[in-house]
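I have a structure I would like to understand better, so I am pasting it below and will then ask my questions one at a time.
The values are calculated or read from the model by the stated rules, or taken from the named source; none is laboratory data. None of these values were measured; they are calculated from a predicted model. All Cβ positions, glycine included, derive from the backbone under ideal geometry; neighbour counts span all protein chains shown.
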Amino acid sequence: MALSSANVLFLVHAVLELVLGAMKLRGRYEGQKEAGPEAKFIQHHGVALLALALLGAVVWYRKLGDTETGRLASTVLCFFHAGAAAVHAHAWSAGSHKSASTLAMHLPFALAFLVDALRARGAGAAKTS
(Lines give C-alpha, C1' and ligand atoms only; values in the text may rest on other atoms or scores of the structure.)
Protein backbone atom coordinates (compact mmCIF):
# COMPACT_ATOMS: atom_id res chain seq x y z
CA MET A 1 0.00 0.00 0.00
CA ALA A 2 1.41 3.38 -1.00
CA LEU A 3 1.83 6.13 1.55
CA SER A 4 -0.31 9.22 1.16
CA SER A 5 1.40 12.56 0.68
CA ALA A 6 0.46 13.48 4.26
CA ASN A 7 2.06 10.35 5.69
CA VAL A 8 5.20 10.95 3.60
CA LEU A 9 5.36 14.51 4.96
CA PHE A 10 5.14 13.22 8.55
CA LEU A 11 7.80 10.56 7.89
CA VAL A 12 10.28 12.99 6.30
CA HIS A 13 9.68 15.48 9.09
CA ALA A 14 10.15 12.83 11.80
CA VAL A 15 13.45 11.63 10.34
CA LEU A 16 14.83 15.15 9.94
CA GLU A 17 13.84 16.26 13.45
CA LEU A 18 15.23 13.00 14.89
CA VAL A 19 18.63 13.62 13.30
CA LEU A 20 18.75 17.32 14.23
CA GLY A 21 17.48 16.68 17.76
CA ALA A 22 20.04 13.94 18.37
CA MET A 23 22.83 16.20 17.13
CA LYS A 24 21.82 18.91 19.60
CA LEU A 25 21.96 16.51 22.53
CA ARG A 26 25.75 16.89 22.30
CA GLY A 27 25.29 20.36 23.77
CA ARG A 28 26.88 22.32 20.97
CA TYR A 29 25.85 23.74 17.64
CA GLU A 30 27.46 22.93 14.31
CA GLY A 31 30.92 24.45 14.09
CA GLN A 32 31.50 24.56 17.85
CA LYS A 33 34.48 22.48 19.02
CA GLU A 34 33.18 21.95 22.55
CA ALA A 35 30.11 22.64 24.62
CA GLY A 36 29.97 26.04 26.26
CA PRO A 37 27.78 27.66 28.91
CA GLU A 38 24.76 27.38 26.58
CA ALA A 39 25.02 23.56 26.47
CA LYS A 40 21.90 22.95 28.58
CA PHE A 41 19.84 25.27 26.36
CA ILE A 42 21.07 23.44 23.25
CA GLN A 43 20.27 20.06 24.80
CA HIS A 44 16.82 21.35 25.77
CA HIS A 45 16.38 22.42 22.13
CA GLY A 46 17.39 18.91 21.08
CA VAL A 47 14.80 17.30 23.34
CA ALA A 48 12.12 19.62 21.92
CA LEU A 49 13.06 18.56 18.38
CA LEU A 50 12.89 14.91 19.44
CA ALA A 51 9.36 15.53 20.75
CA LEU A 52 8.39 16.97 17.34
CA ALA A 53 9.98 13.92 15.70
CA LEU A 54 7.92 11.65 17.96
CA LEU A 55 4.69 13.46 17.01
CA GLY A 56 5.42 13.00 13.31
CA ALA A 57 6.52 9.39 13.78
CA VAL A 58 3.35 8.46 15.65
CA VAL A 59 1.14 10.05 12.98
CA TRP A 60 3.12 8.23 10.25
CA TYR A 61 3.31 4.86 12.05
CA ARG A 62 -0.40 4.82 12.81
CA LYS A 63 -1.20 6.15 9.31
CA LEU A 64 -3.15 9.06 10.77
CA GLY A 65 -2.04 11.66 8.22
CA ASP A 66 -5.36 11.53 6.38
CA THR A 67 -7.49 11.79 9.52
CA GLU A 68 -8.60 14.65 11.74
CA THR A 69 -5.73 13.69 14.07
CA GLY A 70 -3.38 14.29 11.14
CA ARG A 71 -4.98 17.68 10.53
CA LEU A 72 -4.44 18.63 14.18
CA ALA A 73 -0.81 17.46 14.11
CA SER A 74 -0.25 19.44 10.88
CA THR A 75 -1.72 22.53 12.52
CA VAL A 76 0.62 22.22 15.51
CA LEU A 77 3.68 21.58 13.34
CA CYS A 78 2.72 24.45 11.01
CA PHE A 79 2.52 26.80 13.98
CA PHE A 80 5.93 25.67 15.27
CA HIS A 81 7.67 26.00 11.91
CA ALA A 82 5.93 29.28 11.01
CA GLY A 83 6.94 30.74 14.37
CA ALA A 84 10.54 29.60 13.93
CA ALA A 85 10.54 31.01 10.38
CA ALA A 86 9.24 34.37 11.66
CA VAL A 87 11.92 34.54 14.37
CA HIS A 88 14.69 33.73 11.89
CA ALA A 89 13.29 36.08 9.23
CA HIS A 90 13.46 38.89 11.78
CA ALA A 91 17.02 37.93 12.76
CA TRP A 92 18.02 37.70 9.10
CA SER A 93 16.57 41.15 8.40
CA ALA A 94 18.66 42.45 11.32
CA GLY A 95 21.83 41.08 9.72
CA SER A 96 22.19 37.51 11.00
CA HIS A 97 23.35 35.59 7.94
CA LYS A 98 23.20 32.27 9.83
CA SER A 99 19.44 32.76 10.23
CA ALA A 100 18.91 32.58 6.47
CA SER A 101 19.80 28.86 6.38
CA THR A 102 17.57 28.11 9.38
CA LEU A 103 14.75 30.09 7.76
CA ALA A 104 15.21 27.99 4.62
CA MET A 105 14.67 24.83 6.71
CA HIS A 106 11.56 26.01 8.56
CA LEU A 107 9.63 27.85 5.85
CA PRO A 108 9.05 24.85 3.53
CA PHE A 109 7.77 22.76 6.46
CA ALA A 110 5.52 25.61 7.62
CA LEU A 111 4.00 25.84 4.14
CA ALA A 112 3.72 22.07 3.68
CA PHE A 113 1.98 21.61 7.03
CA LEU A 114 -0.29 24.59 6.31
CA VAL A 115 -1.41 23.06 3.01
CA ASP A 116 -1.90 19.70 4.71
CA ALA A 117 -3.86 21.22 7.61
CA LEU A 118 -6.22 23.01 5.22
CA ARG A 119 -6.96 20.12 2.87
CA ALA A 120 -10.18 18.10 3.01
CA ARG A 121 -10.15 14.76 4.84
CA GLY A 122 -12.41 11.86 5.69
CA ALA A 123 -15.86 11.09 4.35
CA GLY A 124 -16.37 14.64 3.02
CA ALA A 125 -13.12 14.63 1.02
CA ALA A 126 -13.26 14.30 -2.76
CA LYS A 127 -11.93 10.98 -4.04
CA THR A 128 -8.88 11.34 -6.29
CA SER A 129 -8.63 7.74 -7.50
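Determine which single condition Leu52 fails, assuming it passes every other condition in (1) surrounded by fewer than 18 Cβ atoms within 10 Å (Cβ to Cβ); (2) modelled with pLDDT of 90 or more.
It fails just one condition, (1).
If I filter the range 36-48 for residues that are modelled with pLDDT under 95, part of a helix (DSSP H, G or I), surrounded by 12 or more Cβ atoms within 10 Å (Cβ to Cβ) and aliphatic (A, V, I, L, M), do I get at least one hit?
Yes; the residues of the range 36-48 include at least one that is modelled with pLDDT under 95, part of a helix (DSSP H, G or I), surrounded by 12 or more Cβ atoms within 10 Å (Cβ to Cβ) and aliphatic (A, V, I, L, M).
If a residue must be surrounded by fewer than 23 Cβ atoms within 10 Å (Cβ to Cβ) and within 22 Å of Leu118 (Cβ to Cβ), how many such residues does the range 5-15 contain? Steps first, answer last, please.
Taking the range 5-15 and keeping what is surrounded by fewer than 23 Cβ atoms within 10 Å (Cβ to Cβ), we get 5, 7-8, 11-12, 14-15.
This time we only want the ones that are within 22 Å of Leu118 (Cβ to Cβ), so: 5, 7-8, 11-12, 14.
The qualifying residues number 6.
Check Leu72, Leu64, Leu77 and return the single one that is within 20 Å of Ser5 (Cβ to Cβ) and within 12 Å of the chain's Cα centre (by Cα).
Leu77
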